[in-house]
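J.: First the structure, then my questions, so here it is.
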C-alpha cells in the first residue's frame, strides 16, 4: 500500500516557505502493514538478567503523557500505535549497574519485510546501562521500518543509547525517539545512519530535571540517491541542564540531506549550557545539503552556541597527508575515517564498531 | 540558588522621534484596499498607463497570495484600516524655504538639514506618501548622477524605470511585495553613471506622520559599471495607538566592478509594522555592503537579500537589532550565490530586553554554479533579562561541493565577571552595562558615518536608560 506522508520531521520554528525545509513531505511511501515480525533478538548478559525486567507494564511507573511533543507525521504516529508488530518494554531496576550492553537486534529479511517497533524504556533511579538498537537488512527487497521509542531516564540514571541503521538501498526508515530526563540523569546518544533510501530520524529530548545532561553524537554517510532527513530537538526546561549535539556527515553522488538541530532554552533554564555543531564533507557536485541549526532562547542566564560548516575536504589536511606519501584517494579516506572514528569509537560493542567501520571503508573504497 | 536581582524599567520618551504634527493633507484615499483605491492613487499621480496596469496586476496577486506561515504574528494588522495614500499639503520642493513650516521643523529636529550641509551630497525627504524635498549637489549633476523622487523618475526617466522597476523584487515574490506594487508611492531613484565615484553619501529620510497610514516608498538604485555610491536611508514616525504599516521596496542594481554601500538606521515608532523588502543584484566583481540598524517598529520582517550573479561578486552584511518592550524584530540577511568565486560575510548582532523578541533569520544558498565560493556567517545575541526572547534561525542550502560555508552563533548574557571587573575600576554598574552594550555594537558603529554612529549611540542610550539587567 502506498501512502502520502505529511510533515515528517517538522521543525519547531518555521522559516521561509520557498526553501521547503520546514518539514519533509513524501508523496508515495510504500508501507507494509499487517505482516508479522519474528526475527527480533534481544540480548541481555546472564549476569544482568536479574537487573532488568522485560515486558513489565510500565504505564503504572511512568507517565506516558510526558511524551506528547511528537513532530512526526500523523500517519506514521498512527501506524506506530495501531500496527506495531514488535512491542518491547524494558525496565532497568534502580541502583543496578549493567555489565554488558543490552542489544536489540532487528533484522529485516524476505519473511520479515516490515518492522513497526514500539518501544518503552524506563531506566530507574541511579541505574547505569548501555542499550544498543541495530537495524539491518538481510535482503535486497524493499523493507519498511517505523520505530517509536519512549525513553524515560529517572533521577541519577546514566544511560548510553546507541542506534545503528544499515537497511538496504531500497528501504524506508523512520525513527522517532522521545526522551525524558529527570534530575541528575545523563543520556549519551550515538546515532549511526549509513543505510536505506530514505532515512528520517528524530531525537526529541526534554531536560526536565535539574542538572540533567543529554549529549547527542551522530554520524551519517549518504551516497547514491539516499535521502537523509534529521530532526534533533533538545528542550532545556530545568536549571543547570547541559546538552550537546555533534553531527558529522559525508554526502556523495546525488545524496540529499536536511539537518535540523534545535536547542531550545525555555524560561527558567537558568545556568544551562548547550553546544551544537554540524560538519559536512561533500564529495560530489550533485549533492544537496541543507543545514538549519536553530538556537531558541527565552532565558538570559544561559550559554548557547552553534556552528555549522559545509564544504569539501580541508585542503591543508589533504596536502599534509599527500606530502607523507598517501595518494589523494587514500588521504581522503583517512580524513573521513578520522572524522567518523571519534564518534564511532564510543560504541562499546567491538563487533558492531568493526562492522560499521568496515562498511564505511568498503564504500569509500568503491568510490572514485 | 541565589536569585539575581532584576529591575525592569519602562521605555522612556523617544525625544525628537515622537514629535507629532497636526495631520494636514491635500488628498487622501479612503482606508482599505480595492481596485478603486489603486486607480485613484495612479490618477492622483498622473501616471503612464503601463504603471496603472502594473498596480492593478499587483493588486490581483496580492489578493491571491497567503500570509507567510512563519515569522512573527501579524494577524493584528488589518489592511482595511490602513490609509494607503496620504498626500501632504505641499509639492516637492528643491529648497527647504518652500517646504511648509511644520514639516520643515520636523526634518530639522531630526537633523536632516544640518547633515545635508555638512556630510551629504544629496538629500531626499519623504513625508507620509510623497517626497517633499529633493536636492543634490551641482557637481554630481554635472557628472550625470541622477537623484530624484520616484514619481519624477517614472516620467522623466521612463525607459530606465520601465526596464528595472520591480524586476529585482517581483510582485509575486510575497504578499507585501504585491501590496507594494499596488500602492507604492514616493521613494528615491538614483542612477550613477559608469565610472563615477560619489564620495559623499546620499540620504533619503522617510517620515510617517499620519496615524493609521501606510508608507510604501520605492527606492531604485542603479550603480553602473565601475561606479561607487554610499546611500543612507533613515526612517522614523511618532507613536500612535493605531497600527501603521511600512511596506517599502528597495531594488539595487550593482553593475560590473561597481560598489554600493546601503546603510539604514530604522527607528519606526512601536505601532509600526515594518514589512520591508530589500534586494540587490550584484554583477561581476561588484560589491554590495549592507549596514542595517533596526531599533524601532512593533513588528519587523526584514531580510536584505543579495543575489551574487556575476563572477567575483561580493556581499557584506553588518546588522544590529535592538528589541525592547512590545517589539518583535525578525531580521537577517539572505545571500544567493549564483556564480563562481563569489564571497559573502554576514555579521549580525542582536540585543533584546524588557520582553522584546529579536530573531535572526537568514539564508545562504550556494547554487550549482557557485564553485569556489565562500560564505561566513556569525550571529551574536545578547539578552538583558529573562522575559525577553532571542532566536537564531539560519539556513545553509548547498548545491555544489566546491564551497566553503561556515556558520556560527552565540547566545548569552553580559557576564557578571565583566561587570564586576569594570565596577572594580570605579565604573558604576549602569555605565558598565552601557559600555558593554556599546562595545557589542561597535562593529556596526564603525561602519556608519560619524553623525549616524552618534545617532545610533543615542538610540541605544534611550533604549538602555534605566535598565539594570
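The values are calculated or read from the model by the stated rules, or taken from the named source; none is laboratory data. In this text the structure is predicted, and so the values were computed from the model without any measurement. Here Cβ is always computed from backbone atoms with ideal geometry, including for glycine, and neighbour counts include all displayed protein chains.
J.: What number of residues within the range A:1-19 are under 18 Å from residue A:82 (Cβ atoms) and part of a loop (DSSP other than H, G, I, E, B)?
T.: The qualifying residues number 1.
J.: Kindly establish whether residue B:363 is within 7 Å of chain A (Cβ to nearest Cβ) and surrounded by fewer than 24 Cβ atoms within 10 Å (Cβ to Cβ).
T.: no
J.: Between residues in the range A:119-133 that are not assigned by TED's automatic domain parsing to the domain that holds residue A:150 and residues that are part of a strand (DSSP E or B) and surrounded by 21 or more Cβ atoms within 10 Å (Cβ to Cβ), which pairs lie under 7 Å by C-beta distance while being six or more apart or on different chains?
T.: Sorted first by the residue in the range A:119-133, then by its partner, the list stays empty.
J.: Keeping to the range A:20-63, report how many residues are under 24 Å from the mean Cα position of the chain (by Cα) and part of a helix (DSSP H, G or I).
T.: Total meeting the criteria: 1.
J.: Could you list, in sequence order, all residues of the range B:251-261 that are surrounded by 23 or more Cβ atoms within 10 Å (Cβ to Cβ), free of Cβ contacts under 8 Å to residues at least 60 places away in the same chain and under 30 Å from residue B:458 (Cβ atoms)?
T.: Matches in the range B:251-261: B:260 only.
J.: Now, a different point. If you take just the strands (runs of 3 or more DSSP E) that sit entirely in the range B:250-295, which of them hold at least 2 residues that are more than 23 Å from residue B:324 (Cα to Cα) and not assigned by TED's automatic domain parsing to the domain that holds residue B:334?
T.: Where strands (runs of 3 or more DSSP E) fall fully within the range B:250-295, none carries at least 2 residues being more than 23 Å from residue B:324 (Cα to Cα) and not assigned by TED's automatic domain parsing to the domain that holds residue B:334.
J.: Given the residues A:346, A:350, which is the only one that is modelled with pLDDT of 90 or more, within 28 Å of residue A:162 (Cα to Cα), away from chain B (no Cβ under 12 Å) and in contact with a strand residue (DSSP E or B) (Cβ under 6 Å, 6 or more places away or on another chain)?
T.: Residue meeting the stated conditions: A:346.
J.: Return the residues of the range A:261-300 that are at the interface with another protein chain (Cβ under 7 Å from one of its Cβ atoms) and assigned to a strand (DSSP E or B); say none if nothing qualifies.
T.: Listed by number, the residues that qualify are A:282, A:288, A:289, A:290, A:291, A:292, A:293, A:294, A:295, A:296, A:297.
J.: To continue, here is another question. So residue B:322 clears everything in (1) modelled with pLDDT of 95 or more; (2) away from chain A (no Cβ under 11 Å) except one condition, right? Which one?
T.: Tallying (1) modelled with pLDDT of 95 or more; (2) away from chain A (no Cβ under 11 Å), residue B:322 fails exactly one: (1).
J.: Name the one entry in A:76, A:64 that is in the same structural domain as residue A:259 (by TED's automatic domain parsing), buried (at least 17 other Cβ atoms within 10 Å of the Cβ), touching a strand residue (DSSP E or B) at 6+ places or on another chain (Cβ under 7 Å) and farther than 30 Å from residue B:173 by Cα.
T.: Unique residue meeting the criteria: A:76.
J.: Quick check on the range B:366-410: of everything there that is facing another protein chain (nearest Cβ under 8 Å) and touching a helix residue (DSSP H, G or I) at 6+ places or on another chain (Cβ under 9 Å), which residue is surrounded by the fewest Cβ atoms within 10 Å (Cβ to Cβ)?
T.: It comes out as B:397.
Matching residues to (1) in contact (Cβ under 8 Å) with a residue 40 or more places away in the chain; (2) under 30 Å from residue B:391 (Cβ atoms); (3) within 14 Å of chain B (Cβ to nearest Cβ):
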position: A:5; (1), (2), (3): yes, yes, no
position: A:11; (1), (2), (3): yes, yes, yes
position: A:52; (1), (2), (3): yes, no, no
position: A:63; (1), (2), (3): no, yes, no
position: A:71; (1), (2), (3): yes, yes, no
position: A:96; (1), (2), (3): yes, no, no
position: A:111; (1), (2), (3): yes, no, no
position: A:115; (1), (2), (3): yes, no, no
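J.: Between B:323, B:339, B:358, which is touching a strand residue (DSSP E or B) at 6+ places or on another chain (Cβ under 9 Å), assigned by TED's automatic domain parsing to the domain that holds residue B:293 and in contact (Cβ under 8 Å) with a residue 60 or more places away in the chain?
T.: Just one listed residue meets the conditions, B:323.
J.: Please work out if residue A:332 is assigned to a helix (DSSP H, G or I) and within 14 Å of chain B (Cβ to nearest Cβ).
T.: So residue A:332 fits the description; yes.
J.: Checking residue B:428 against (1) over 28 Å from residue B:267 (Cβ atoms); (2) away from every other protein chain (no Cβ under 14 Å), which single condition isn't satisfied?
T.: Tallying (1) over 28 Å from residue B:267 (Cβ atoms); (2) away from every other protein chain (no Cβ under 14 Å), residue B:428 fails exactly one: (1).
J.: Would you mind finding the one in A:310, A:303, A:258 that is within 14 Å of chain B (Cβ to nearest Cβ), surrounded by fewer than 17 Cβ atoms within 10 Å (Cβ to Cβ) and part of a strand (DSSP E or B)?
T.: A:303
J.: Check A:300, A:314 and return the single one that is closer than 26 Å to residue B:394 by Cα and touching a strand residue (DSSP E or B) at 6+ places or on another chain (Cβ under 8 Å).
T.: On inspection, the qualifying residue turns out to be A:300.
J.: Exactly one condition in (1) touching a helix residue (DSSP H, G or I) at 6+ places or on another chain (Cβ under 8 Å); (2) in contact (Cβ under 8 Å) with a residue 60 or more places away in the chain is false for residue A:349; which is it?
T.: It fails just one condition, (1).
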